[in-house]
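Student: Structure incoming, see below.
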């Protein structure tokens, strides 16, 4: 279980979240790199050749974290538990930047 800071409107508190895939930046980048290599080998080869693979993974990680945080906050304001909000945010965001559809 990872500890993650959640900013409430008036205070900051620590909430324990079980995070099956998005539990750390390093894990996310490794998962993203492995997924890209397996399903998008042409893209990975092109990005490596240009020296842009690490940059893409860092950007994907940043955007994923930002969007997850935004969605999580919105859902918790609607009464969802921290775990429900986290899981829903992960399912919503993960395919936008990390787990992309395979190449043809």
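FYI, it's all coordinate maths here, none of it is from the lab. Predicted, not measured: the structure shown is a model, and the values here were computed from it. Note that we place each Cβ from the backbone using ideal geometry, even for glycine, and neighbour counts take in every protein chain shown.
Student: For region 24-96, what mean projected area does the convex hull of the alpha carbons give, in nm²?
Tutor: With the hull built on Cα positions only, its mean projection is 4.8 nm².
Student: Among 39-51, 74-86, what's the highest-first ranking by average C-beta atoms within 10 angstrom per residue?
Tutor: Packing order, densest peptide first, comes out as 74-86, 39-51.
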